[in-house]
Every structure is written in structure tokens, then in C-alpha cells.
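J.: Sharing a structure, written as C-alpha cells. Questions coming.
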Amino acid sequence: RCGIAVLALAIGLGVLERGLRCHADLEFGIDPPAILPPAVVADEAQVNREALARAIDGERQPFIVRLFKPDLWNVSHMAELCGRRRVHLISDATYTVLRVVQANPAVELLFDWVLLPLLGSRTTLRQEVASRAEIPLATYLEGVQLQSVHQPPSVSRLPLFLRRVLPLELAALAELVARPRYLHDQPLSHVCPEAMDILQVPRFLLPNWIFADEDLGDDFLKDEPTVFIGNAGCMSYPLHRNIVQDHFALLVLRGTKRYAIFDRAQESLLEPSEVAPGVWLYGADPFSPDLVVSPGLRRASGWMGEIGAGEVLVAHGDSAHVFENVDRDGPTVAIKFWFGTRPPARECMGLSSFDCATRLGLRAADNSSARGAAALTVREYIDEGR
């Protein structure tokens, strides 16, 4: 009898899944989501800090800068320098959501007995978390390089009906488990401190007006910038808004990412949900739209495209955004900086940007960046804020 019941349940779920997919395809075909344009791209020689500030602060649109002299990075080099260090493959933001989830034993049982088996995993949620903690960097880097060559990663997904009924934070954690393991949003100083003295920061990011904040503490600076290393299919978070509301600059050192970015004014169309204090996720999936879950995506305006090695994407701090690695020829490597575009009004009233930076002890960019002038190392850049 148990066998018959299980068979009947499987057939019923299969019919339900097929019906929901037909419904989703019908919704998509009748009124597909808007086609989103890519962000504006400019060569570094053409970048003017005032124009960049107007784009980010005034027009609230992302901006991509193609570097004149990109400082590309070899993953093998990082393994040689820092291979013995141990890293975490879960970010602090994900841990915040995870603690909320694990506080409910029933939710943990749901993962262990339903969600993980449906994703083809024979582990528990606690085992999945443990498998992403204290991993030797060399072991992780060797794995991603071998996987990109021999086994292009694939992403398992929960059945559509479950993705629709699950709370957003549970679906996001299931997505994390389903995707390849990913070194993401971890402080570069923890992952590979030696790289802080080698990697260079594009000069157009000088001065970073965040460093003019007198209240900026060492706790902020010690975790700046963060690094991302992973294969195609890796994604740090679904569509989300950063906890920190400063603007960000994402520099790709190797590989390619695709992105989708929406202004804060579009938030109501994206199915927002505060899944933990200060942690905002969105039910809309711009890369794989389900217009039943997020019908507002039809009317949402934003930007979508790809960013490759040697390019920097700068975006407004309160934008909703999502990135996914798409290069199948090897791991994608990127670093993210928090970034300020406007000088402090009180200290700099009546002064040019250069004079203000000089008064505050910050180095200012000039047009020499387009001629390949020496840039600051990451460590020198971060020391500007000390």
C-alpha cells in the first residue's frame, strides 16, 4: 500500500508540475517581461568623475568602465601565494539568513527530508553548511579549475510548484545548495592578503569619498574589498539589495558575469521581502522569469547585460541587483569595492574635487590614468581610509 501511495503521489506531483509549467509558459507568451537594455559602457580615457557621479547619483543608472590597462589575474597565481589559507564558501549575509532558518527545527527537517532530496542531495542542511566552512584555498581553486575543464557545472532546481509556495528565504537557501560551491563576498585580506600588495585599483576610483567619513572604522576597512571566485552557474545571492547602502564598484579580473540591475523605484514590481533584519530579497528572477510569481516584472525597467575581464561596473548602493558567472572556459574572478562619488559638502564647500581631496589627505585621480600611469595597490587604496 505504501508503494502505491508513493507512486500515486509522484504521478500527482508530476501532473501538477506539468500544469504549472504550461501555465507559466502561457503567461510568458502572452505578455513577456520587458527587454532590458545594457548599462552604458565607456573607455577609461573617456570617464569623467563628475559625469560618473551624475549617472550614479542623479540618473541612478549603472555605468561600466572599460579599463585602459586592466590588471588581470591568474587563479593559479593566487593558489601559489595563498593556497594554505582556509576560506568560507558562505558569506556573512547568507549566514544571517541561515541563522533565522535554523532557529526553526521544522524548517531544518523540511530541508533534510524534502528539499535536499528533491535537489538530488543525500546530505543534511548542517552538512551542506559544514562542507562550505574552513576549506583550504588550494583545494577549492583546484576543484573549480578541474570542473570547468571536465565537468561544466549544471544547476539543479526545485520543482516549480515548490519554488512558488516556499518562503523566499527558503527558496534562496535551496538555490545556494543547488548551485556549485562558490567563494563569494569574502574579504580579500582574509582569502589572500598577499594579493592586497599585487592587485591594482583603477585610478578613476580615486578619490573614494567614503574614506572622507570620519566615522569610518577599522572594522569596515579590514573587510574591504571582497573577492568572488567561481565557475559558470555560481551566484552569490538571488536578486537583492545590499545591507550596506554605499555605492559599489565590481571589477572583473577574469571571466564573465551577467547582471540585472533595477532602481529602488522599481522595488514594488519585484516582489520584495525582508527575510532578516536589513536583508532584502526579491521574488523576481530576471534571468529565468516566472511571471506568475512576479507579474510586475513585465513593467519593471532596469538594465541587463554582461561584464567581462578588465571592466568595472559601478552602481547605486540601494539598487536591486543580481550577478551570475557565465564563463564556461574557466573560473570568473572579481573584487567588489564600496564606493563614494560625492565629496563631503561641509569640508569641501567652494573647493574643486582635487583641492578637497588634498585637504582631506586623499589622492585624486587625473587624466594620467588613460596613459597607463601607475595605479595604487589594493592595500595602498584601503590605507587611504585610515
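J.: Go ahead and run the numbers for FRET between Val165 and Gln127, Cβ-Cβ distance against an R0 of 41 Å, rounding to 0.05. Each step should come with its number before you reach the end.
T.: On the way: r = 25 Å, r/R0 = 0.61.
With a Förster radius of 41 Å, E is 0.95.
J.: Additional query: Tell me, what % of the accessible area of the chain is carbon and sulfur with a 1.4 angstrom probe? Could you put the intermediate results ahead of the total?
T.: Numbers: 9880 of 18110 Å².
Roughly 55 percent of what the probe reaches on the chain is carbon or sulfur.
J.: Where does the chain land at 222 nm, in deg cm²/dmol rounded to the nearest 500, when only DSSP H runs of n ≥ 4 count, each adding -39500 (n - 2.57), divided by all residues?
T.: That calculation yields -8500 deg cm²/dmol at 222 nm.
J.: How would the stretch 214-283 be classified by its alpha-carbon gyration tensor: rounded, prolate or oblate, with rounded meaning a/c under 1.5 and the a/b versus b/c comparison settling the rest?
T.: It comes out oblate by the Cα gyration axes.
J.: Here's a follow-up. So, R0 is 25 Å and r is the distance between the beta-carbons of Asp215 and Ala103; what FRET efficiency does that work out to, to 0.05?
T.: 0.20
J.: Using a probe radius of 1.4 Å on heavy atoms only, what accessible surface per residue do you get for the chain? Whole Å² is fine.
T.: Using a 1.4 Å probe on heavy atoms only, each residue of the chain averages 47 Å².
J.: Starting from the Cα of Arg298, move 7 Å in the Cα-to-Cβ direction to define the label point; list residues of the stretch 31-62 whose amide nitrogen is under 13 Å from there.
T.: Only 31-34 pass the distance filter.
J.: Could you give the length gained on full extension between Asp383 and Glu134, defined as 0.36 nm per residue of separation minus the Cα-Cα distance, in nm? Working shown, then result.
T.: Numbers: separation 249, 0.36 × 249 = 89.64 nm, distance 2.79 nm.
Fully extending the segment from Asp383 to Glu134 adds 86.9 nm.
J.: Subtract the Cα-Cα distance of Ile243 and Arg328 from 0.36 nm times their separation in residues, and report this length gain in nm to one decimal.
T.: Values: separation 85, 0.36 × 85 = 30.60 nm, distance 3.03 nm.
Answer, rounded to one decimal: 27.6 nm.
J.: Using a Förster radius of 51 Å, what is the FRET efficiency between Arg157 and Glu50 based on their Cβ-Cβ separation? Nearest 0.05, please.
T.: 0.70
J.: Just flag the chymotrypsin sites (Phe, Trp or Tyr not before Pro) in the stretch 303-370 sitting in loop per DSSP whose Cβ has no more than 15 other Cβ atoms within 10 Å. Before the final figure, lay out the partial values.
T.: Values: sites: Trp303, Phe323, Phe337, Trp338, Phe339, Phe354; in loops: none.
Passing both the DSSP loop test and the Cβ count: no residue.
J.: Roughly what angle does helix 2-30 make with the longest principal axis of the chain, taking Cα atoms, 0 to 90 degrees, to the nearest 10?
T.: On a 0 to 90 degree scale, this one is about 50.
J.: If you fit an axis through the alpha-carbon atoms of helix 92-102 and take the longest principal axis of the Cα set of the chain, what angle between them do you get, 0 to 90°, nearest 10?
T.: 30 degrees
J.: Count the net charge of all other residues whose Cβ sits under 10 Å from the Cβ of Glu175, scoring Lys and Arg as +1 and Asp and Glu as -1.
T.: On the way: positive: Arg157, Arg163, Arg179; negative: Asp285.
Its environment carries a net charge of +2.
J.: Amide H neighbours of Val87 under 5 Å, at least 5 residues apart or on other chains, H built in the peptide plane: list them.
T.: HN-HN under 5 Å from Val87: Glu134, Ile135, Leu137.
J.: Also, I was wondering about something else. What angle do you read, to the nearest 10 degrees and between 0 and 90, between the alpha-carbon axis of helix 168-178 and the longest principal axis of the chain?
T.: 90 degrees
J.: Please report the antiparallel percentage of DSSP beta bridges with both residues in the chain, rounded to the nearest 5.
T.: Values: 48 of 52 bridges.
Here the antiparallel bridges make up roughly 90 percent for the chain.
J.: Looking at the stretch 223-272, which trypsin sites (Lys or Arg not before Pro) are in a loop (DSSP not H, G, I, E or B) and have at most 11 other Cβ atoms within 10 Å? Working shown, then result.
T.: Details: sites: Arg241, Arg254, Lys257, Arg258, Arg264; in loops: none.
Filter output for the stretch 223-272: empty list.
The values are calculated or read from the model by the stated rules, or taken from the named source; none is laboratory data. These figures come from a predicted structure and were not determined experimentally. Because the Cβ atoms are built from the backbone with ideal geometry, glycine has one as well, and the counts that use them run over all protein chains shown. For the accessible areas, the whole protein counts, side chains as well, though only heavy atoms, and no ligand, DNA or RNA atoms are used. Shrake-Rupley method; radii C 1.70, N 1.55, O 1.52, S 1.80 Å.
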